[in-house]
Structure formats: structure tokens, C-alpha cells
Amino acid sequence: MIQNIEVTDNFKKMTKKAILSIVLFVIIYLLILSISIAITLFCFYSGFLIITIKPSLLLIVLGGGIVSLGLILIIFLLKFMFKKHKMDRSHLIEITRKDEPQLFNFIDGI
């Protein structure tokens, strides 16, 4: 038997707030990502420009450092998308109906 569930105004308000928060996060993240891409492109341009103006050991190291700064910025912002989150469940114990019959009887009663 399917019953109609009545949704409260507070639930609707909180749902809209949650969806708005997610949309706002995505917009802000994309804004930060686009700004960081612009900074990275500027770092690449200025790094290679410094190296090509007058190639010397100091300027090559400085230009390489600026290029590396841009790469590290992009890697930092994108690394979370490709990281796997593994939960360590080795410390948890499985409880079965055979081991804890009183607990399962209580749960069944609810």
C-alpha cells in the first residue's frame, strides 16, 4: 500500500537551500578554476619569456620556477577529482542474527 507523504514547508526550504549551495559551489569552483588557468597560462608565458630574453643559468632556473608554479596550481585544484577515497573498515565487526538475537528481535519490533 502506497501512502502519500506530505512534504513540509521546512523540508522544501532546506531542499532548496541544499540545491542552491551545490550550484553555488560549482559556480565558484569553476570561477576559481578559470582564474587559475589564466594564472597558469600567464606563468607559462612569463617563464618562457624570461628564459628566452637572455638565457643564463639564473634566468633559466627562475623561468622554470615560474612555470612550475603554474603547473602546481593547476594540479592542486584538479587532484581531488581523481583521488579515490578508501574507507578502512578492518576495525569493524559484523553482527549477525545468530550472534546477537536480542538486538535483532528489538530491531524487528521497531
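Read the figures in this text as sums done on the coordinates, not as results from a lab. From a predicted model like this one, the values you see are computed outputs, not experimental measurements. So basically every Cβ, Gly included, is an ideal-geometry build from the backbone, and we count neighbours across all protein chains shown.
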**Request:** Quick one: net charge around residue 8, please, counting Lys, Arg +1 and Asp, Glu -1 for every other residue with C-beta under 15 Å from its C-beta.
**Result:** +2
**Item:** Mean Cβ count within 10 Å, highest first, over the residues of peptides 10-23, 47-60, 78-91
**Value:** 47-60, 10-23, 78-91
**Rel. contact order, % - alpha carbon contacts under 8 angstrom, at least six apart, the chain** = 20 percent
**Item:** Full-stretch length increase - residue 35, residue 61 - with 0.36 nm per residue and alpha-carbon distance subtracted
**Value:** 6.8 nm
**Complete:** Expected unfolding gain across residue 73-residue 52 under the 0.36 nm per residue rule, minus the alpha-carbon gap, is 5.3 nm
**Fill in**
Rounded to the nearest 10, the angle in degrees between the Cα long axis of helix 9-53 and the longest principal axis of the Cα atoms of the chain comes to 20 degrees
**Asked** With each run of n ≥ 4 DSSP H residues scored as -39500 (n - 2.57), what mean residue ellipticity at 222 nm is computed for the chain after dividing by its residue count and rounding to the nearest 500 deg cm²/dmol?
**Response** -24500 deg cm²/dmol
**Asked** Can you give the extra length, in nm with one decimal, that the chain gains between residue 20 and residue 7 once fully stretched, where that is 0.36 nm per residue apart less the Cα-Cα distance?
**Response** 2.8 nm
**Message:** Give me the dipole magnitude in Debye, nearest 20, for segment 48-110 about the Cα centre, with unit charges on the beta carbon: positive for Lys and Arg, negative for Asp and Glu.
**Reply:** 440 debye
**Cα-centred dipole magnitude for segment 9-84, charges only on beta-carbon of K, R (+1) and D, E (-1), debye, nearest 20** = 400 debye
**Asked** Which of 73, 40, 3 sits farthest toward the positive end of the charge dipole of the chain, with +1 on the Cβ of Lys and Arg and -1 on the Cβ of Asp and Glu?
**Response** 40
**Prompt:** Given (1) 108; (2) 205; (3) 136, which label gives volume of the Cα convex hull per residue in Å³ as computed from the coordinates?
**Reply:** (2)
